[in-house]
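J.: Structure provided below as structure tokens; questions to follow.
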Amino acid sequence: MIRVVLPAHLRKLAGVEGEVALAVDAPVTLGAVLDALEAAHPVLRGAIRDHGSLRRRPFVRYFACEEDLSHEPPDTRLPEAIVVGREPLHVVGAMAGG
Amino acid sequence: MSRVRVLVGTKKGAFVLNADGKRDRWEVSGPLFGGWEMYHLKGSPVDPDRIWASQSTGWFGQQIQRSDDGGRSWNPVGNDFAYSGETGTHQWYDGTQHPWEFARVWHLEPAHDDPDSVYAGVEDAALFHSRDGGRTWRELPALRNHESGASWQPGAGGLCLHTLVLDRETPGRMYAAISAAGAFRSDDHGGSWRPINRGLVSAGIPDPDAEVGHCVHRIAMHPRRPETLYMQKHWDVMRSDDGGESWTEVSGNLPSDFGFPIDVHAHEPETIYVVPITSDSEHYPPEGKLRVYRSRSGGNEWEALTEGLPQENCYVNVLRDAMAVDHLDPCGIYFGTTGGQVYGSADGGDHWQPIVRDLPAVLSVEVQSLP
């Protein structure tokens, strides 16, 4: 299972505690995981990626195995540690503000 | 005994204030949706247990929440606000054309005849409608597609449709106000719109009496006298007695005619309320005195209401959607400040008390009068 860590606001919105576990068919890409996340929790549609364009919202970040994948295309394959569930994919609210 | 429920939207969550008809002891609950900007909450006039809430952040976008039990529980409904057809462009701050981009819902206006019908005024300025309890939203594109649309440009708060007033007496008639485009009227349920800004004069635009481009801050109407509209403009308090066809200034003896909210007494259509603010760059009350001004003559002659309000060292603002009236007798008036205070008056404004003092900055205040 793919593990996803959501920021507190989105955990509350989705009504989940802790990590989200998702079954994602290979190849496990960034876009496929986000598709699965939104399918499992439709309330997150529009909260991470824009409706329609599916572009990442400006103040959302994706981190995996200490790498920033925020600017990578949706077909980017996730690291093996994410694929086998050893590490989670982090969806993060960017540090912004003062 | 009747009771009231005050719905307060703040920059960091929503709060619900409950009292019985005396309105002297309040129960404060919240925050709901803590950490989110709650631009507006409003109850359905058809079913007061149904309440709508606009929830957003710059990080995670827009949600619409709906309660069907008077605010005890909430469920997110649809949040896809897709502009209809070719998106087009409007004027940007630097004079270039900029694509219309949805940012947030500023104002929710439930319909008077159907609890599943609700309108949303959004930034960038457009009007959306849901007929299915908020599950789906459809733009009424004629407003944004008005021939003047490409010339609209954002005010300091963005290009926002912040005011929507529904005329209960005239089927299909509604009014919208956009900063900084002005006021518009539809007589066919939003199918077509025309500017209604004749008589507005704004020094901050190239042609002071242009058909569009005015920064209208809010419009208020008494439901029993829908031809009469009151407007707080960027500067100037205005009045129309012909459904917006023409406007005359009624600022009269106000210490400043800059401000944001304006509202009408529930039982006296000629009694109106504003909160004067020093200027467009000094968003706080003149002389540090928080004063609501009341006119019992529909404008021009104003009296300061100060009893119970801070009369020294007060430098808060009151935003456009942050004042409301209940329908009890005597009429109750409520407003919230950017300093987090919500004040209420149970006697038409003669005396005020702080209901709660230390909330996050208040963005909106609405009241439900309940049996």
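J.: Scan region A:63-70 and tell me whether some residue there is within 20 Å of B:Q63 (Cα to Cα) and either surrounded by 18 or more Cβ atoms within 10 Å (Cβ to Cβ) or more than 14 Å from chain B (Cβ to nearest Cβ) (or both).
T.: Checking region A:63-70: not a single residue is within 20 Å of B:Q63 (Cα to Cα) and either surrounded by 18 or more Cβ atoms within 10 Å (Cβ to Cβ) or more than 14 Å from chain B (Cβ to nearest Cβ) (or both).
J.: Failed condition for A:L13, given (1) of a type in the set (A, V, I, L, M, F, W, C); (2) in a helix (DSSP H, G or I); (3) more than 14 Å from chain B (Cβ to nearest Cβ), with all others met?
T.: (3)
J.: How many residues are out of contact with any strand residue (DSSP E or B) (no Cβ under 8 Å at 6 or more places or on another chain) and either closer than 16 Å to A:L22 by Cβ or not in a loop (DSSP other than H, G, I, E, B) (or both) if we restrict to region A:42-62?
T.: Number satisfying all stated conditions: 3.
J.: Which pairs turn up if I take residues in region A:9-38 that are under 22 Å from A:E67 (Cα atoms) and look for partners that are of a type in the set (S, T, N, Q) and part of a helix (DSSP H, G or I) with beta carbon separation below 9 Å, at least 6 apart in sequence or on another chain?
T.: From region A:9-38, no pairs qualify.
J.: Could you go through region B:26-43 and let me know if any residue there is assigned to a loop (DSSP other than H, G, I, E, B) and open to solvent by 40 Å² or more (accessible area, probe 1.4 Å).
T.: yes
J.: All but one of (1) within 23 Å of B:R357 (Cβ to Cβ); (2) within 14 Å of another protein chain (Cβ to nearest Cβ); (3) open to solvent by less than 10 Å² (accessible area, probe 1.4 Å) hold for B:Q55; which doesn't?
T.: Unmet for B:Q55, out of (1) within 23 Å of B:R357 (Cβ to Cβ); (2) within 14 Å of another protein chain (Cβ to nearest Cβ); (3) open to solvent by less than 10 Å² (accessible area, probe 1.4 Å): (1).
J.: Any idea which residue in region A:71-98 is nearest to the other protein chains (Cβ to nearest Cβ), counting only those that are among the small types (G, A, S) and in contact (Cβ under 8 Å) with a residue 40 or more places away in the chain?
T.: A:G93
J.: When both residues are 6+ apart or on different chains and their Cβ atoms are under 6 Å apart, which pairs have a first residue that lies in region B:184-207 and is within 12 Å of B:H146 (Cβ to Cβ) and in contact (Cβ under 8 Å) with a residue 24 or more places away in the chain, and a second that is of a type outside the set (A, V, I, L, M, F, W, C) and open to solvent by 50 Å² or more (accessible area, probe 1.4 Å)?
T.: Partner pairs satisfying both residue conditions: B:P195/B:E211.
J.: Follow-up question, since we're still on this one. For a quick check of your reading of the model, give me the residue pairs whose first member lies in region B:162-178 and is farther than 21 Å from B:H234 by Cα, whose second is polar (S, T, N, Q) and assigned to a strand (DSSP E or B), with beta-carbon atoms closer than 8 Å and at least 6 apart or on different chains.
T.: Close Cβ pairs satisfying both conditions: B:G172/B:S186; B:R173/B:S186; B:M174/B:S186.
J.: Additional query: From the list B:S281, B:S369, exactly one residue is open to solvent by 30 Å² or more (accessible area, probe 1.4 Å) and assigned to a loop (DSSP other than H, G, I, E, B). Which is it?
T.: B:S281
J.: Could you pull out every one of the strands (runs of 3 or more DSSP E) wholly within region B:59-162 that has 1 or more residues that are within 14 Å of chain A (Cβ to nearest Cβ), open to solvent by 10 Å² or more (accessible area, probe 1.4 Å) and within 28 Å of B:Q368 (Cβ to Cβ)?
T.: B:61-67, B:104-110
J.: Take the residues in region A:23-41 that are closer than 15 Å to A:L89 by Cβ, assigned to a loop (DSSP other than H, G, I, E, B) and away from chain B (no Cβ under 11 Å); name whichever of them is most open to solvent (accessible area, probe 1.4 Å).
T.: In this case the residue turns out to be A:A23.
The values are calculated or read from the model by the stated rules, or taken from the named source; none is laboratory data. Nothing here was measured: the structure is a model prediction, and the numbers come from that model. Note that we place each Cβ from the backbone using ideal geometry, even for glycine, and neighbour counts take in every protein chain shown. Surface areas here come from the heavy atoms of the whole protein model, side chains and all, with no ligands, DNA or RNA. Shrake-Rupley method; radii C 1.70, N 1.55, O 1.52, S 1.80 Å.
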